[in-house]
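A.B. asks: Submitted below is the structure of interest, expressed as structure tokens.
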Amino acid sequence: MTIQLESSWLSRLQDVFALPSTDELRNFLRNALKEGKHFYPPNKDIFNSFNTTPFNEVKAVILGQDPYHGKGQAHGFSFSVQMGVPIPHSLHNIFRELHNDLSIPPSRHGCLLHWAQEGVLLLNSVLTVFPNKPRSHKDRGWEVITDEAIRRLNNEREYLVFMLWGNDAQQKSSLISPERHLVLTASHPSPKSAQRSFFGCGHFSRANAYLEENGMPPINWQLPQ
């Protein structure tokens, strides 16, 4: 695992990269490769969320569980897939809610790079996964790193929006101070749970209203086609 991290994030996460838990994570990934196993996303894409959205440019955080586990899907952004890859069901539901909330037509592709460039940190709790084995890299050390990223955002920034969809994401709420930031929770957008509280949550408009109320430009959620 080669760590090539944008400087504003590296300065805040370098201590956690020196912890024994990160050494164990490196060894786990190295051993997997030695055994002929591969994982998603490829090395060059693992830290795309951090490298695309510098620390001081973050406006909102959408927290996912772990990367998509199908071939060619994951590219380092939560809920996003690469251009040309069929849109997963959860992302279809995200686009449906976006349309209902802000009347933005559903995108014809599933690449959310534009959101990351708009200041949305598309972060998974776990940054790698074995093919067709969801949660296969859970509790291997990634959570220590992503927890620290959220903790730093909470402590050093103000008026951010944290969008926590599903139980796994909501477990991170203990790291966030609601008096400093807006915390939005809903069920996961997967077909199994979206009807519970994701549809109709209005998170996209609520995020923009909060940002504008606190002197920040809103997020342009419209993806280029």
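A.B. asks: If I take R0 = 25 Å and measure r between the Cβ atoms of residue 26 and residue 117 in this structure, what FRET efficiency does the formula 1/(1 + (r/R0)^6) give, to the nearest 0.05? Present the calculation step by step, with values, prior to reporting the outcome.
C.D. replies: Values: r = 29 Å, r/R0 = 1.17.
That pair, residue 26 with residue 117, gives E of 0.30.
A.B. asks: Return the whole-Å distance between the Cα centroid of segment 1-61 and the Cα centroid of segment 178-197.
C.D. replies: Comparing the Cα centres of segment 1-61 and segment 178-197, I get a distance of 26 Å.
A.B. asks: Hey, could you get me the Stokes-Einstein D for the chain, Kirkwood radius over alpha-carbon pairs, 20 °C and 1.002 mPa s, rounded to whole µm² s⁻¹? Numbers along the way, then the final one.
C.D. replies: Values: Rh = 17.7 Å.
D = 121 µm²/s.
A.B. asks: Can you bin segment 106-197 into rounded, prolate or oblate? Criterion: square roots of the alpha carbon gyration tensor eigenvalues sorted a ≥ b ≥ c, rounded for a/c under 1.5, prolate for a/b above b/c, oblate for the rest.
C.D. replies: In terms of gyration-tensor shape, rounded.
A.B. asks: Hey, another quick one. Quick check for the chain: number of Lys pairs with alpha-carbon distance under 24 Å, counting only pairs 8 or more apart or on different chains?
C.D. replies: Lysine pair count for the chain: 19.
A.B. asks: Okay, moving on. Hey, can you grab everything whose amide H is under 5 Å from the amide H of residue 70? Only 5+ residues off in sequence or another chain; H modelled, so Pro and N-termini drop out.
C.D. replies: Those qualifying (amide H under 5 Å, at least 5 residues apart or on another chain) are 132.
A.B. asks: Considering segment 1-131, what Rg and Dmax in Å follow from its alpha-carbon atoms?
C.D. replies: 15.6, 49
A.B. asks: Classify segment 2-48 as rounded, prolate or oblate from the Cα gyration tensor: take a ≥ b ≥ c as the square roots of its eigenvalues, call it rounded if a/c is under 1.5, otherwise prolate when a/b beats b/c and oblate if not.
C.D. replies: Oblate, because a/c is 1.5 or more while a/b does not exceed b/c.
A.B. asks: With r defined as the distance between the Cβ atoms of residue 11 and residue 196 and R0 fixed at 35 Å, what FRET efficiency is calculated, to the nearest 0.05?
C.D. replies: 0.35
A.B. asks: For residue 37 paired with residue 139, estimate the spin-label separation in nm (one decimal), with each label point 7 Å from Cα along the Cα-to-Cβ line.
C.D. replies: Placing both labels 7 Å beyond Cα along the Cβ direction yields 1.5 nm.
A.B. asks: Also, quick follow-up: Using a 10 Å cut-off on Cβ atoms, rank the peptides 18-28, 196-206, 139-149 from the highest mean neighbour count down.
C.D. replies: 139-149, 196-206, 18-28
A.B. asks: Report the gain in length on full extension from residue 177 to residue 104: 0.36 nm times residue separation, minus Cα-Cα distance, nm rounded to one decimal.
C.D. replies: Extra length available between residue 177 and residue 104 comes to 23.2 nm.
A.B. asks: Moving on to the next point. Using a simple charge model, +1 on the beta-carbon of Lys and Arg, -1 on the beta-carbon of Asp and Glu, nothing else, what dipole does segment 14-163 show about its Cα centre, in debye to the nearest 20?
C.D. replies: Computed charge dipole of segment 14-163: roughly 580 debye.
A.B. asks: Sequence gap at least 6, Cα distance under 8 Å: using those rules, report the relative contact order of the chain to the nearest whole percent. Working shown, then result.
C.D. replies: Numbers: 396 pairs, mean separation 52.4, N = 225.
Relative contact order here is 23 percent.
Every number here is computed from the coordinates shown, using simple stated rules; none is lab data. Keep in mind that this is a model prediction, so the values were computed, not measured. Cβ sites come from the backbone with ideal geometry, for glycine too, and all protein chains shown count toward neighbours.
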